[in-house]
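J.: Before I ask anything, let me first share the structure, which is written out below as structure tokens.
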């Protein structure tokens with residue numbers, strides 16, 4: 001196992017007041033590159049103790065060996081200014097639950113919902129100090145609502161309040177580091193702790209006669225006189241009022257016209273005209289499950305449609321994090337309040353309240369919901385981004401027997417969403433939103449809002465530097481795409497794109513044509529496929545000798561920006577635990593479907609799908625192959641998802657994977673000939689100053705060199721020039737000849753001959 005990269009830097013204080021106490025550190029862009037990090041990724045900071053934070057880039061003119069930390073980061077790392085700190089990439093999981101402690105004023109005044117908004121996007125470890133100042137930089141939710149709620153709750157003191165992280169879920173693994181970091185997500189339950197470090201039950205958080213806990217946490221009815229176990233006395237506080245969530249008019253919702261019509265009709269007939277249903281012998285009962293990707297606007301959609309009705313909301317992650325009795329009392333109270341007003345009960349992220357592996361109390365909660373909607377006095381609407389993790393009993397005909405899907409927006413819808421988001425933003429000329437929308441596959445409304453915020457940050461930086469009025473440009477939105485990553489691709493490694501496109505790839509005519517037909521044509525000309533009555537190809541297999549550009553051409557394809565790319569090395573999906581590898585395959589294809597149109601790139605696919613019956617891994621390989629075959633050509637067809645595999649050992653792949661309907665297009669990537677080598681040398685050396693070097697002549701003399709060898713030759717020639725003279729201005733013929741002594745051809749003639757014979761057998 002390789003050791004993750006790390007760098008030792010000098011810790012300096014960040015002078016920016018706008019970034020103080022917000023959980024952000026800044027380093028030079030070269031440091032990000034050296035650590036293989038993108039801006040707004042998480043990074044571990046090792047000083048006297050280990051902590052973590054979100055990392056961003058400084059100006060290119062800043063010192064490379066300096067890390068800019070705020071006072072909280074200094075404290076969490078246990079170092080002083082000018083001390084050495086070690087930075088390294090760190091894997092951060094989204095927290096299902098975070099428990100913090102704070103002052104009496106804060107704990108009595110700030111609701112858990114507001115607390116979550118304030119900490120959204122921050123990276124936390126147990127024992128860290130954290131401020132209430134929202135992280136309002138980078139690709140996260142806007143902090144305006146959190147700022148207003150905090151100012152209303154505790155006044156100006158919220159800006160100086162410091163909290164301590166006392167517990168997280170998931171916590172540190174057994175025997176692992178005690179400071180395993182987590183990030184606060186939109187579905188994270190952020191809770192206050194008591195002085196004992198435990199989360200009090202909800203009954204302890206409400207005073208007698210409190211009408212409700214804002215944020216729809218519910219309360220215990222005054223008539224509830226059941227005996228309770230004795231508990232240690234705890235201070236009683238008045239519940240804080242949650243600020244009203246702004247409701248968008250239905251007219252401003254984009255791309256959900258049919259869903260609006262359906263839900264409006266269902267609510268009208270069930271709640272306003274129940275006698276019509278009774279006359280027809282039907283029960284006026286309504287339970288709706290709204291599904292769709294995270295950030296797609298499910299809750300916003302429901303609030304808009306129900307704007308004229310009483311809407312009681314249960315926050316699934318927050319309530320799901322409480323103890324069992326509290327969960328049941330919360331749901332019962334919410335049902336009672338909804339029935340009293342003849343309104344709608346909304347449960348957001350219901351999978352957190354009713355997970356697929358439920359506790360015994362789940363049956364009681366479902367009974368409470370079932371009895372609540374049985375007489376048609378109320379309607380139940382639940383939202384989830386992960387229906388597979390939801391208790392299947394919620395889909396019972398007596399509960400949520402109807403489903404609405406908020407799908408991914410297409411390019412035209414994304415352009416309309418961007419137009420709505422930027423409607424009041426000053427612009428420098430007309431924005432080319434159509435072009436930006438075509439480069440954002442897999443983006444939902446929340447992702448586009450994050451894109452707009454990042455673009456605004458760039459525009460503000462430019463306006464500040466130029467001392468001009470702030471205005472947004474198309475290039476600000478395009479530049480923001482380098483930072484913003486949609487939620488649907490958050491678990492997949494990014495493909496290194498660079499600035500190449502298919503047009504920049506030398507030679508490889510057949511390869512580029514096959515990829516264009518299989519991947520780009522279905523996106524650019526879907527009407528043609530429909531008119532001719534055929535389905536586009538589902539998969540392509542690139543095979544050829546190592547170093548001939550298979551992965552390179554995939555990067556060029558991804559750089560077109562018209563599809564999201566999910567990449568995985570074959571061996572990465574293998575796991576020794578039964579069922580884990582198959583689940584990884586299913587999750588991979590599920591993410592691809594959620595971010596369609598998309599491309600799944602399986603590098604070294606021979607390691608993932610070897611011939612069945614020949615493995616010695618207790619059948620793991622055979623089960624993975626079966627899972628792949630099912631996903632590629634199973635009951636659930638792939639829509640707008642193309643699978644691309646690459647290998648230099650096609651003979652080792654299970655033959656079932658190569659039949660039509662699966663990886664049906666086999667494309668041989670041959671070693672480059674003289675003309676192709678010339679194109680490769682020119683593309684690689686376009687920024688290399690050459691003195692007297694004839695690339696065409698050189699290419700003709702490089703028989704047996706792969707594309708990677710040609711690139712390595714020019715790099716070595718540049719190094720030879722530096723050895724000759726560190727101030728050398730150009731690479732000479734002598735430098736190239738010296739490099740040829742060090743860089744030898746890597747192609748194996750026997751392997752090339754075998755691959756050509758395989759291609760002739762399969763392609764003739």
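J.: Please enumerate the residues belonging to segment 334-358 that are out of contact with any strand residue (DSSP E or B) (no Cβ under 7 Å at 6 or more places or on another chain), surrounded by fewer than 24 Cβ atoms within 10 Å (Cβ to Cβ) and part of a helix (DSSP H, G or I).
T.: Of everything in segment 334-358, those that are out of contact with any strand residue (DSSP E or B) (no Cβ under 7 Å at 6 or more places or on another chain), surrounded by fewer than 24 Cβ atoms within 10 Å (Cβ to Cβ) and part of a helix (DSSP H, G or I) turn out to be 336, 339, 340, 341.
J.: Determine, yes or no, whether residue 45 is part of a strand (DSSP E or B) and modelled with pLDDT of 85 or more. Spell out how you get there, then give the answer.
T.: Values: part of a strand (DSSP E or B): yes; modelled with pLDDT of 85 or more: yes.
Yes: the conditions hold for residue 45.
J.: Quick test for you: out of 446, 407, 479, pick the one residue that is assigned to a loop (DSSP other than H, G, I, E, B) and either touching a strand residue (DSSP E or B) at 6+ places or on another chain (Cβ under 8 Å) or in contact (Cβ under 8 Å) with a residue 24 or more places away in the chain (or both). Lay out the reasoning, then the answer.
T.: Details: 446 fails: assigned to a loop (DSSP other than H, G, I, E, B); 479 fails: assigned to a loop (DSSP other than H, G, I, E, B).
The conditions single out 407.
J.: Taking segment 417-443 on its own, how many of its residues are assigned to a helix (DSSP H, G or I) and surrounded by fewer than 21 Cβ atoms within 10 Å (Cβ to Cβ)? Give the derivation first.
T.: Looking only at segment 417-443, we keep the residues that are assigned to a helix (DSSP H, G or I), and these are 417-421, 433-438.
Checking which are surrounded by fewer than 21 Cβ atoms within 10 Å (Cβ to Cβ) leaves us with 419-421, 433-435, 438.
Of the residues in segment 417-443, 7 are assigned to a helix (DSSP H, G or I) and surrounded by fewer than 21 Cβ atoms within 10 Å (Cβ to Cβ).
J.: Does residue 303 fit the bill of being assigned to a loop (DSSP other than H, G, I, E, B), touching a strand residue (DSSP E or B) at 6+ places or on another chain (Cβ under 7 Å) and farther than 22 Å from residue 398 by Cβ?
T.: Values: assigned to a loop (DSSP other than H, G, I, E, B): no; touching a strand residue (DSSP E or B) at 6+ places or on another chain (Cβ under 7 Å): yes; farther than 22 Å from residue 398 by Cβ: yes.
Here the answer is no, as residue 303 does not meet what is asked.
J.: Here is a follow-up. Hey, among 712, 656, 707, which residue is assigned by TED's automatic domain parsing to the domain that holds residue 599 and within 35 Å of the chain's Cα centre (by Cα)?
T.: Numbers: 712 fails: assigned by TED's automatic domain parsing to the domain that holds residue 599; 707 fails: assigned by TED's automatic domain parsing to the domain that holds residue 599.
Step by step, each of 712, 656, 707 is checked, and only 656 is assigned by TED's automatic domain parsing to the domain that holds residue 599 and within 35 Å of the chain's Cα centre (by Cα).
J.: Only residues that are in a loop (DSSP other than H, G, I, E, B) and either modelled with pLDDT of 90 or more or within 17 Å of residue 284 (Cα to Cα) (or both): list them for segment 377-404, please. Walk me through how you get there before you give the answer.
T.: The initial filter retains those residues of segment 377-404 that are in a loop (DSSP other than H, G, I, E, B), namely 377-378, 385-386, 391, 396-401.
The answer is 377, 378, 391, 396, 397, 398, 399, 400, 401.
J.: When you go through 541, 588, 628 one by one, which is the residue that is part of a strand (DSSP E or B) and modelled with pLDDT of 80 or more? Write out each step before concluding.
T.: Working: 588 fails: part of a strand (DSSP E or B); 628 fails: part of a strand (DSSP E or B).
When all the criteria are applied, what remains is 541.
J.: For segment 78-89, indicate whether the set of residues that are modelled with pLDDT of 90 or more and touching a helix residue (DSSP H, G or I) at 6+ places or on another chain (Cβ under 9 Å) is non-empty.
T.: yes
J.: A further question on this structure: For segment 304-333, which positions are closer than 27 Å to residue 260 by Cα and surrounded by fewer than 19 Cβ atoms within 10 Å (Cβ to Cβ)?
T.: Keep residues of segment 304-333 that are closer than 27 Å to residue 260 by Cα, which gives 304-317, 331.
Matches in segment 304-333: 307, 308, 309, 310.
J.: Determine if segment 96-105 includes at least one residue that is touching a helix residue (DSSP H, G or I) at 6+ places or on another chain (Cβ under 6 Å) and buried (at least 17 other Cβ atoms within 10 Å of the Cβ).
T.: No.
J.: Could you tell me whether segment 117-130 includes any residue that is touching a residue at least 24 places away in the same chain (Cβ under 8 Å), in contact with a helix residue (DSSP H, G or I) (Cβ under 6 Å, 6 or more places away or on another chain) and assigned to a strand (DSSP E or B)?
T.: Keep residues of segment 117-130 that are touching a residue at least 24 places away in the same chain (Cβ under 8 Å), which gives 117-130.
Now drop any that are not in contact with a helix residue (DSSP H, G or I) (Cβ under 6 Å, 6 or more places away or on another chain), which leaves 117-118, 128-129.
In the following step, the residues that additionally are assigned to a strand (DSSP E or B) were identified as 129.
Yes.
J.: Next question. For segment 663-764, which helices (runs of 4 or more DSSP H) that fit wholly inside it have 3 or more residues that are buried (at least 20 other Cβ atoms within 10 Å of the Cβ) and modelled with pLDDT of 85 or more?
T.: Working: elements: 674-684, 695-700, 707-724, 733-742, 749-763.
The helices (runs of 4 or more DSSP H) meeting that bar are 707-724, 733-742.
J.: On to the next question. Any residue that is under 21 Å from residue 277 (Cα atoms), surrounded by 17 or more Cβ atoms within 10 Å (Cβ to Cβ) and in contact with a helix residue (DSSP H, G or I) (Cβ under 9 Å, 6 or more places away or on another chain) - is there at least one of those in segment 381-397? If you could, list the steps in order and put the result at the bottom.
T.: Restricting attention to segment 381-397, the residues satisfying the condition of being under 21 Å from residue 277 (Cα atoms) are 381, 396-397.
So of that shortlist, the ones also surrounded by 17 or more Cβ atoms within 10 Å (Cβ to Cβ) come out as 381.
Checking which are in contact with a helix residue (DSSP H, G or I) (Cβ under 9 Å, 6 or more places away or on another chain) leaves us with 381.
Yes, segment 381-397 contains at least one residue that is under 21 Å from residue 277 (Cα atoms), surrounded by 17 or more Cβ atoms within 10 Å (Cβ to Cβ) and in contact with a helix residue (DSSP H, G or I) (Cβ under 9 Å, 6 or more places away or on another chain).
J.: Which members of segment 295-314 meet the condition of being more than 19 Å from residue 353 (Cβ to Cβ) and in contact (Cβ under 8 Å) with a residue 12 or more places away in the chain? Outline the logic, then answer.
T.: Kept after step one, since they are more than 19 Å from residue 353 (Cβ to Cβ), are these residues of segment 295-314: 295-297, 300-301, 304-310.
Within segment 295-314, 295, 296, 297, 300, 301, 304, 305, 306, 307, 309, 310 meet the criteria.
J.: Return only the number of the condition from (1) surrounded by fewer than 21 Cβ atoms within 10 Å (Cβ to Cβ); (2) under 29 Å from the mean Cα position of the chain (by Cα); (3) not in a loop (DSSP other than H, G, I, E, B) that residue 91 does not satisfy.
T.: Here residue 91 clears every test but (3).
J.: Count, please, the residues in segment 61-85 that happen to be buried (at least 20 other Cβ atoms within 10 Å of the Cβ) and assigned to a strand (DSSP E or B).
T.: 4
J.: A further question on this structure: Which one of these does residue 367 not meet: (1) on the phi < 0 side of the Ramachandran plot; (2) surrounded by fewer than 24 Cβ atoms within 10 Å (Cβ to Cβ); (3) touching a residue at least 24 places away in the same chain (Cβ under 8 Å)?
T.: Residue 367 satisfies every listed condition except (3).
J.: Test each condition in (1) under 16 Å from residue 349 (Cβ atoms); (2) in a loop (DSSP other than H, G, I, E, B) for residue 331 and report the one that comes out false.
T.: Of the numbered conditions (1) under 16 Å from residue 349 (Cβ atoms); (2) in a loop (DSSP other than H, G, I, E, B), the odd one out for residue 331 is (2).
J.: Can you tell me which of 284, 235, 246, 239 is farther than 20 Å from residue 319 by Cβ, at pLDDT below 50 and either part of a loop (DSSP other than H, G, I, E, B) or over 33 Å from the mean Cα position of the chain (by Cα) (or both)?
T.: Only one candidate qualifies: 235.
J.: Oh, and also: In segment 415-427, is there at least one residue being within 15 Å of residue 472 (Cα to Cα), touching a residue at least 60 places away in the same chain (Cβ under 8 Å) and in contact with a helix residue (DSSP H, G or I) (Cβ under 9 Å, 6 or more places away or on another chain)? So that I can check it myself, show each step before the final result.
T.: Of all residues in segment 415-427, those within 15 Å of residue 472 (Cα to Cα) come to 418-427.
Adding the requirement that they be touching a residue at least 60 places away in the same chain (Cβ under 8 Å) leaves 420.
Right, trim to in contact with a helix residue (DSSP H, G or I) (Cβ under 9 Å, 6 or more places away or on another chain) and you get 420.
Checked segment 415-427: at least one residue is within 15 Å of residue 472 (Cα to Cα), touching a residue at least 60 places away in the same chain (Cβ under 8 Å) and in contact with a helix residue (DSSP H, G or I) (Cβ under 9 Å, 6 or more places away or on another chain).
The values are calculated or read from the model by the stated rules, or taken from the named source; none is laboratory data. Because the structure is a prediction, the values reported are computed rather than measured. Positions of Cβ are backbone-derived with ideal geometry, glycine not excepted, and every protein chain shown enters the neighbour counts.
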